[in-house]
Amino acid sequence: MKFSVQAGNPLTCDTPALIIGCGAEPATTPFFDVVDEALGGVLARMYESKEFSGKPGTVKVIHTLGALPAQRIVLVGVGDLKEVTTEKIRRGAGGAAQALVAAKIVSAASLLHGVAPMAGLLEASLEGFSLGSHRYDRYKTKDRQEVMLKEVTALLTGTDDKELPANSVATVESVCNAVRMSRDLVAAPGNLATPAYLAEQAGEIAGRLGMECTILDHPELARLGMGALLAVGQGSRHPPRLVVLEYKGINDGSPPIALVGKGITFDSGGISLKPGAGMELMKQDMAGAAAVLGTMQAVAALKLPLNLVGVIPLAENMPDGNACKPGDVVTTLSGQTVEINNTDAEGRLILCDALQYAQRFQPSAIIDLATLTGACVVALGHNATGAMGNDGELLAALLRAGESSGERLWELPLWEEYGDLMKSDIADLKNSGGPHAGTISAGWFLKQFVGTHKWVHLDIAGTAWEDKGRHYLPKGATGVGVRLLVKYLQGIAGERMG
Ligand code: BES
Ligand code: MN
Ligand code: ZN
């Protein structure tokens with residue numbers, strides 16, 4: 001989607017759709033009155049008849065029938081103007097974008113950012129338009145995205161005298177492109193997005209943006225001793241890979257931040273087979289990997305002055321004659337042994353070798369993202385990512401980035417006592433701790449593979465996929481993690497630059 005920002009007047013703007021922000025009461029937002037007057041009082045009438053309330057999340061499209069050069073007015077509710085937030089604007093823009101896509105409208109102009117004199121509303125609205133209008137259309141031969149929302153112009157009306165940093169539109173564009181790329185990888189079916197395919201995509205991103213990319217395949221993984229990653233992949237015809245991406249944005253010898261993403265390209269459960277209903281959704285089980293790729297793409301495009309390393313273990317979890325079985329014991333890269341009592345707890349197995357590998361880069365922090373546990377969906381639903389770690393400051397910084405990006409996190413405890421759940425009779429650890437505290441016991445398991453490094457684990461099982469479609473999250477992959485991590489990393493880069 002193409003963004004532009006232009007001086008303009010809502011009364012003379014010739015556009016298929018003019019988007020205006022509306023408060024909880026009529027006539028409270030700029031230009032409401034003049035547009036309402038041009039339309040003969042239709043807007044005020046809509047409030048009166050309660051067809052439109054102006055509440056956050058409400059959107060209404062009306063035709064102007066020639067009363068204005070704009071063919072349609074899109075009313076977007078933002079609620080009480082004293083309580084406007086960037087997230088409300090992002091969601092409002094997302095809702096408007098979904099309405100425009102449904103109506104097959106390709107271009108629009110917007111005043112939404114002007115509802116309140118607050119910094120960041122323009123960027124938030126552009127994010128909402130871009131993310132809300134995105135569709136995965138690779139396999140649609142008939143009804144393609146090409147004909148849907150292609151450009152949005154934010155109108156600067158002179159009353160909104162916000163300072164607009166010259167590059168902020170370009171920044172939003174880079175970040176949204178990365179989120180879209182990440183969503184497309186998650187939405188891609190398992191027969192396309194195999195470990196080899198995702199490794200190839202990583203190489204393509206790296207080549208395009210000047211990053212280093214190393215792809216380790218089966219013989220190298222075996223030579224290194226990644227027994228856990230290999231065990232998960234051994235039941236599949238698509239052998240595992242480990243992708244290592246390096247972004248060097250600063251040359252001062254500062255250690256990288258390591259991003260580790262779970263890349264199970266399809267999770268059947270393996271021999272501990274999952275039930276059939278809904279199993280197709282387990283193509284999303286590489287959303288952590290996609291978030292790392294998206295984040296690295298965005299950070300490289302923005303040329304942030306910091307160093308990053310992305311470590312992405314890729315495997316398909318399938319049952320076959322060679323698959324690992326409940327009761328098997330593997331030796332991980334760390335040397336610790338693990339009894340696999342449930343082959344469906346495969347994410348922590350591929351992650352433990354990747355976390356161990358990430359330590360080779362002596363990172364200042366390790367952040368992993370994984371669609372790790374169904375228990376996280378039970379605990380937090382689809383509105384928060386579960387967060388656990390061993391460093392209060394790192395956690396706090398990520399929680400803050402979650403608030404400002406709208407990709408919220410909620411912390412769960414990682415007390416030592418939870419380790420009791422992961423004791424094996426015959427190995428150092430087992431991989432599944434049973435039904436209690438499923439998200440925490442998985443996090444506790446991962447903690448055994450980060451040494452003394454500062455580390456946070458993000459369980460995105462509830463946030464990587466949107467079942468119904470709402471505001472700027474259309475039905476399907478959300479690309480969660482990209483905006484969160486970019487926000488966090490922008491903060492680090494900002495500190496460095498003073
Ligand atoms: N990939 C799943 C978790 C998941 C569930 C992701 C729902 C997205 C949506 C993971 O590999 C898994 O199967 N976890 C098991 C762990 C259990 C066997 C200890 C689970 O949550 O049931
Ligand atoms: Mn599983
Ligand atoms: Zn899984």
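The values are calculated or read from the model by the stated rules, or taken from the named source; none is laboratory data. Everything numeric in this text was worked out from a predicted model, so none of it was measured. Every residue, glycine as well, gets a Cβ built from its backbone with ideal geometry; the counts of neighbours run over all protein chains shown.
Just a few scattered comments:
- Residue among Val74, Val5, Val35 that is over 23 Å from Ala102 (Cβ atoms), hydrophobic (A, V, I, L, M, F, W, C) and touching a strand residue (DSSP E or B) at 6+ places or on another chain (Cβ under 8 Å): Val5
- If you go through the range 310-331 and pick out every residue that is assigned to a strand (DSSP E or B) and more than 16 Å from ligand 3 (Cβ to nearest atom), you end up with 6.
- Whichever residue in the range 276-289 is within 12 Å of ligand 2 (Cβ to nearest atom) and not aliphatic (A, V, I, L, M) and, among such residues, is nearest to Ala315 (Cα to Cα): Asp285
- Every residue from the range 340-384 that is over 17 Å from Val292 (Cβ atoms) and either aliphatic (A, V, I, L, M) or part of a strand (DSSP E or B) (or both): Ile340, Ala345, Leu349, Ala375, Val377, Val378, Ala379, Leu380, Ala384
- Residue pairs whose Cβ atoms lie under 6 Å apart, sitting 6 or more positions apart in sequence or on different chains, and linking a residue in the range 57-76 that is touching a residue at least 60 places away in the same chain (Cβ under 8 Å) and in the same structural domain as Gly132 (by TED's automatic domain parsing) to a partner that is buried (at least 20 other Cβ atoms within 10 Å of the Cβ) and part of a strand (DSSP E or B), are Ala70/Leu18.
- Test: residue in the range 254-270 that is within 16 Å of ligand 2 (Cβ to nearest atom) and surrounded by fewer than 22 Cβ atoms within 10 Å (Cβ to Cβ): yes
- Within the range 331-365, considering residues that are crowded, with 23+ Cβ neighbours inside 10 Å and of a type in the set (Val, Ile, Thr), the one farthest from ligand 1 (Cβ to nearest atom): Thr332
- Within the range 248-267, considering residues that are within 23 Å of the chain's Cα centre (by Cα) and outside any strand (DSSP E or B), the one farthest from ligand 1 (Cβ to nearest atom): Gly249
- Counting only strands (runs of 3 or more DSSP E) wholly contained in the range 2-91, the ones carrying 1 or more residues that are among the β-branched types (Val, Ile, Thr) and modelled with pLDDT under 95 occupy 2-7.
- Check on Asp391, more than 16 Å from ligand 3 (Cβ to nearest atom) and in contact with a strand residue (DSSP E or B) (Cβ under 8 Å, 6 or more places away or on another chain): yes
- Asp252 being more than 18 Å from Ala202 (Cα to Cα) and away from ligand 3 (no atom under 16 Å from the Cβ): yes
- Flag for Gly347 being assigned by TED's automatic domain parsing to the domain that holds Phe445, on the phi > 0 side of the Ramachandran plot and of a type outside the set (Val, Ile, Thr): no
- Considered as a group, the residues in the range 405-420 that are out of contact with any strand residue (DSSP E or B) (no Cβ under 8 Å at 6 or more places or on another chain) and crowded, with 18+ Cβ neighbours inside 10 Å include one that is nearest to Thr332 (Cα to Cα), and that residue is Tyr418.
- Selected residue [within 13 Å of ligand 1 (Cβ to nearest atom), in a helix (DSSP H, G or I) and either in contact with a strand residue (DSSP E or B) (Cβ under 9 Å, 6 or more places away or on another chain) or free of Cβ contacts under 8 Å to residues at least 12 places away in the same chain (or both)] from Leu293, Leu230, Leu281: Leu281
- Residues in the range 264-289 that are in contact with a Gly (Cβ under 7 Å, 6 or more places away or on another chain) and of a type in the set (Gly, Ala, Ser): Gly270, Gly288, Ala289.
- Among the conditions (1) under 17 Å from Val244 (Cβ atoms); (2) of a type outside the set (Phe, Trp, Tyr); (3) crowded, with 19+ Cβ neighbours inside 10 Å, Glu220 misses just one, which is (3).
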